[in-house]
Amino acid sequence: MQDGTEEIKEIIQEDIWGSVKEFLNWGIHIGEGEKSIHLTLGLLLLLTVSIVATKLLLKWSRYLVTRKMEPEDKQKFSSVFKFVNYVIYLIVVLLTLSGAGIDITLIITASAVLFVGLGLALQEFFKDILGGIFIIIDKSLQVGDIVEVDGKVGKVFEIKLRTTRALTRDDKVVVIPNHKFISDIVYNYTQNHRTTRESVHVGVAYGSDVELVTRLLEESVQEHKKVLKKPVPFVLFNDFGDSALLFSINYFINDSFVDPRIKSDIRYSINKKFKENNVIIPFPQRDIHIFQHQKPQKNTDADNP
């Protein structure tokens, strides 16, 4: 029995396993010793298994990270995962080649130089990617928000990982790099709620009835359909100007994106009511003082004997 067992082990080790090793070792062999390179079927099989296992692991990791996200946010992360996948696949391939006895020092050195160059050239790109990730995580920006960036007001209609797109008030699309939202001052008109307070400023002539002016200003906004009844609009007597008494009518609306049109309507109404009630909007006035200098008279007494 013992002899039979040893014979079976010998057959397995020498015949079967030997044939497998010989099959896996079939391929291209270059050089001898430490600097030799062996491109064999076993290496290709090892690479295939490593890549498949890495792919399954990455897929499982992506599921864990994005399982609680909204479908739109998952789509925004797709480019990040693609980039991470490429990096991990490259690392797996290099480790597999190193484990197979191939010297990868030259490859790593060249890759390091390449990545440093890419990093310097793509600084803004990576800033935009980080900005997009922060926007998705902290929910600081949503589709439909009205934002002001570099003096431009727009309504956000698309948020991607690198850029955000918004429609301006003149129906033009502005593409905003996402790093703007983490490095610059950005006004989000609708971050807390949709209601915003707006105002229209006007000046009236000195001597005008300020109580009448206040009532006319209040009526001009109360008649507008898009001005909210609550909170109640109110008038401020802002200052005594150089040539006018300065007032502002403050009101609340639910859609600040169309505010320029609402302000235009209110100005039309104010102008009409002022004319009907003889309230004057004065021109800028300046007082000019002219000083006339007289020429000094000559002393003629010295000329007379």
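Of the strands (runs of 3 or more DSSP E) lying entirely inside the range 133-229, those containing at least 1 residues that are of a type in the set (A, V, I, L, M) and more than 21 Å from ARG261 (Cα to Cα) span 152-159, 173-177, 196-204. Number of residues in the range 168-208 that are without any contact (Cβ under 8 Å) to a residue 24 or more places away in the chain and more than 12 Å from GLU148 (Cβ to Cβ) equals 8. Note on the range 228-247: residues that are surrounded by fewer than 18 Cβ atoms within 10 Å (Cβ to Cβ) and under 20 Å from GLY207 (Cα atoms) total 9. Of the residues making up the range 248-299, those that are modelled with pLDDT of 90 or more and either exposed (fewer than 10 other Cβ atoms within 10 Å of the Cβ) or hydrophobic (A, V, I, L, M, F, W, C) (or both) number 12.
Scanning the range 233-242 finds no residues that are among the small types (Gly, Ala, Ser), in contact with a helix residue (DSSP H, G or I) (Cβ under 6 Å, 6 or more places away or on another chain) and more than 30 Å from PHE81 (Cβ to Cβ).
Taking the criterion of being closer than 19 Å to SER269 by Cα and of a type in the set (D, E, K, R), the residues of the range 221-258 that qualify are GLU223, LYS225, LYS226, LYS229. Quick one: in the range 161-220, of everything that is acidic (Asp, Glu) and farther than 26 Å from ILE270 by Cβ, which residue is surrounded by the fewest Cβ atoms within 10 Å (Cβ to Cβ)? Looking at the filtered set, the residue picked out is ASP171.
The values are calculated or read from the model by the stated rules, or taken from the named source; none is laboratory data. All values derive from a computational prediction rather than experimental measurement. Note: ideal-geometry Cβ built from the backbone for every residue, glycine included; neighbour counts use all protein chains shown.
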